[in-house]
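These notes are about the structure you will find just below.
The values are calculated or read from the model by the stated rules, or taken from the named source; none is laboratory data. As the structure is a prediction and not an experimental result, all values here were calculated from the model. All Cβ positions, glycine included, derive from the backbone under ideal geometry; neighbour counts span all protein chains shown. Please note that ligands, DNA and RNA were not included when accessible areas were found on the heavy atoms of the full protein model with its side chains. Shrake-Rupley method; radii C 1.70, N 1.55, O 1.52, S 1.80 Å.
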Amino acid sequence: MTENRLDGLGPALRGELVTRENKEAFEAARFRGWNRDLNTRMTPLGFVVASGTRDVATTVKYCRSNNIPITVRGKGAHSPYGMANDALVIDLGKMTAVRVDPQNKLVHVQAGANGGDVDHETALHNLICVTGSVSHTGFAGVALGGGIGHLSRWLGAVVDSIVSYEMVTAEGEVVRVDESQDPELFWGMRGNGASFGIVTEFVLKLHDMPNAGVIRAAPILWGIDKANEVMSSWMGRIARPGRKHTETLQFAFLHSPDGNPVCGVIPFIVGETEEAATATCDEVAAYGGGALVRQDTQLPYTAMQAALDEAFPYNANYWDKGVFVDWDPSDDKAVQAIVDIAVRTWNKKPEFALKTCTFLLFMEVNGAVGEADPASTSFGARSGRLWCTALTGWSDDDDGKRAASKKWCDSFVEALEPFHVTTYLNNAMPENENEMRRVFPEETMKRLRALKKKHDPEGMFKVGAWQYETNT
């Protein structure tokens, strides 16, 4: 595959075409993405840095006519599907406009924006939607796979708030997809949205943010020797009936700034008085004989969303994998088994793992996520009390370290198999039909296959897109 296949594309674009012939510009474009591991392993044919929707449509038509594979990445470029060998990358990183319609409580988000771009604009009007858990995560990548964030117990998945998409089809046409225009495609997009076209804009409904956007948040930390006791107490706390969806308590294994291993509960409490929110954190902080450090405080939601940005810097190597789990809260053996898996996995983390970005995360995902009508979207991760993820990073381009990191994350998911209820597409990394079946129920798969056959019969978006057979 040679670069001259792209010779006719550049003049038709307002944006920039970067090919391998321009080595300096190519390397700069290649390593603009967040995950160095992906950037190092993949060598695309080139990059189209789109100026807008027309450049996307022009590129799709050109690639269709010239049989050139396509991948798509946004501003955050977190997705492992954003680049592929010998494919042309449509880079949406300059399409970052976010426009809020406060009267109708809607936000229009270009597909290159990241979560922080959205949070920054919506907060001006004391409005909010779920955008993910780190502010430099690309919004489109989160949204196209369903979308889970810190406040999903309260607001549901991202797809539950999407009202329409602007999309470039496999034929290079620009269409609007919503409930009235094409309800079946709209259903499929909300859960598996990267398979049927290239989304260039999302429109979402917004929610009122109480207390002028101020929440109770930030970690409450214990030494790692308290992990068993504290995690068990926390699991009992989050299983209490009648809890408000506006209270979310996450659990994590991580490292303190001085590099020591610690565990912690991270509260996200919305809409309560400061006294009530503090009382909840006081109760939690008493676990294990008392917290080592308390950082919980009143702060803007946007500040908490950006708090983890430095822990996940650009140009490090990353691997993650996760699963949704549930258990009988009255079964002490089940609780202890999950705690034991967590402690054992943490103790076996790779020695070379970067301490700033190696975590075991246990995120609450019930509440509004589980209460939404499962038939309303193709998003399959509706059941399960916790989203459990292992994530690690390493500094140098070492295939052995990559393999060891992947093995560590995979082992965590495998150990939790007795409690597995579903899998979240965005960190399942499905590569074949069997792995897709862990993400989507069979009936959902049948409908998705039919949509793929109808809207992308020639497989324009098969490179990097989530895989499933269309001929069954």
query: Just a yes or no: is a residue in the stretch 70-81 hydrophobic (A, V, I, L, M, F, W, C), more than 30 Å from residue 119 (Cα to Cα) and either touching a Ser or Thr at 6+ places or on another chain (Cβ under 8 Å) or crowded, with 24+ Cβ neighbours inside 10 Å (or both)?
result: no
- line: Checked the stretch 373-385 for anything touching a residue at least 24 places away in the same chain (Cβ under 8 Å), assigned to a loop (DSSP other than H, G, I, E, B) and either open to solvent by 20 Å² or more (accessible area, probe 1.4 Å) or not aliphatic (A, V, I, L, M) (or both); matches are 377, 378, 379, 380, 382, 383, 384, 385
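Counting just the residues of the stretch 39-69 that are of a type in the set (D, E, K, R) and open to solvent by 10 Å² or more (accessible area, probe 1.4 Å), which one comes out nearest to residue 317 (Cα to Cα)?
Per the stated criteria, the residue is 41.
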message: Can you tell me which condition residue 216 does not meet? The list is (1) basic (Lys, Arg); (2) in contact (Cβ under 8 Å) with a residue 24 or more places away in the chain; (3) open to solvent by 30 Å² or more (accessible area, probe 1.4 Å), and all the others hold.
response: (3)
- line: Exactly one of 227, 307, 285 is more than 21 Å from residue 335 (Cβ to Cβ) and aliphatic (A, V, I, L, M), and that residue is 307
message: Of everything in the stretch 195-211, what is farther than 16 Å from residue 151 by Cβ and open to solvent by 30 Å² or more (accessible area, probe 1.4 Å)? Give them in sequence order.
response: 201
field: Looking only at the stretch 365-414, and only at residues there that are of a type in the set (Ser, Thr, Tyr) and more than 18 Å from the chain's Cα centre (by Cα), the one that is nearest to residue 322 (Cα to Cα)
entry: 411
query: Where in the stretch 1-77 are there helices (runs of 4 or more DSSP H), lying wholly inside it, with at least 1 residues that are within 30 Å of residue 134 (Cα to Cα) and of a type in the set (S, T, N, Q)?
result: 36-41, 53-66
Criterion (outside any helix (DSSP H, G or I), more than 20 Å from residue 308 (Cβ to Cβ) and modelled with pLDDT under 95) met by exactly one of 202, 196: 196
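Residue-wise test of (1) modelled with pLDDT of 90 or more; (2) open to solvent by less than 30 Å² (accessible area, probe 1.4 Å); (3) assigned to a loop (DSSP other than H, G, I, E, B).
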{"position": "405", "(1), (2), (3)": "yes, yes, no"}
{"position": "409", "(1), (2), (3)": "yes, yes, no"}
{"position": "418", "(1), (2), (3)": "yes, no, no"}
{"position": "439", "(1), (2), (3)": "no, yes, yes"}
{"position": "447", "(1), (2), (3)": "yes, no, no"}
{"position": "450", "(1), (2), (3)": "yes, no, no"}
{"position": "466", "(1), (2), (3)": "no, yes, yes"}
{"position": "470", "(1), (2), (3)": "no, no, yes"}
- prompt: Considering the stretch 219-242 alone, what residues qualify as being open to solvent by less than 20 Å² (accessible area, probe 1.4 Å) and among the charged types (D, E, K, R)?
  reply: 237
task: Could you list, in sequence order, all residues of the stretch 113-149 that are more than 20 Å from residue 369 (Cα to Cα), touching a residue at least 60 places away in the same chain (Cβ under 8 Å) and in contact with a Gly (Cβ under 7 Å, 6 or more places away or on another chain)?
output: 123, 126, 135, 136, 137, 138
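Would you check which residues across the stretch 24-43 are touching a Lys or Arg at 6+ places or on another chain (Cβ under 7 Å) and not acidic (Asp, Glu) and list them? Spell out how you get there, then give the answer.
Looking only at the stretch 24-43, we keep the residues that are touching a Lys or Arg at 6+ places or on another chain (Cβ under 7 Å), and these are 26, 33, 37, 39.
Within the stretch 24-43, 26, 33, 39 meet the criteria.
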query: Is there a residue in the stretch 348-359 that is under 27 Å from residue 309 (Cβ atoms), at pLDDT 95 or above and under 20 Å from the mean Cα position of the chain (by Cα)?
result: yes
- prompt: Looking at the stretch 36-57, is at least one residue at pLDDT 95 or above, among the acidic types (Asp, Glu) and out of contact with any Gly (no Cβ under 6 Å at 6 or more places or on another chain)?
  reply: no
message: Kindly evaluate residue 184 against the criterion of being of a type in the set (Asp, Glu), open to solvent by 10 Å² or more (accessible area, probe 1.4 Å) and in a helix (DSSP H, G or I).
response: yes
task: Tell me, please, whether a residue that is basic (Lys, Arg), surrounded by fewer than 21 Cβ atoms within 10 Å (Cβ to Cβ) and within 22 Å of residue 426 (Cβ to Cβ) can be found in the stretch 15-31.
output: no
- prompt: Within the stretch 169-180, how many residues are in a loop (DSSP other than H, G, I, E, B), under 17 Å from residue 53 (Cβ atoms) and not small (Gly, Ala, Ser)?
  reply: 3
message: Just checking, does the stretch 206-217 include any residue being outside any helix (DSSP H, G or I), closer than 30 Å to residue 55 by Cα and of a type outside the set (S, T, N, Q)?
response: yes
statement: (1) assigned to a loop (DSSP other than H, G, I, E, B); (2) touching a residue at least 60 places away in the same chain (Cβ under 8 Å); (3) of a type outside the set (Asp, Glu) all hold for residue 413 apart from (1)
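Can you tell me which residue is modelled with the lowest pLDDT among those in the stretch 82-91 that are open to solvent by less than 40 Å² (accessible area, probe 1.4 Å) and not small (Gly, Ala, Ser)?
Step one: list which residues in the stretch 82-91 are open to solvent by less than 40 Å² (accessible area, probe 1.4 Å), which gives 82-84, 87-91.
If we keep only those that are not small (Gly, Ala, Ser) as well, we get 83, 88-91.
Numbers: 83: 85, 88: 95, 89: 95, 90: 96, 91: 96.
Among those residues, the one meeting the criterion is 83.
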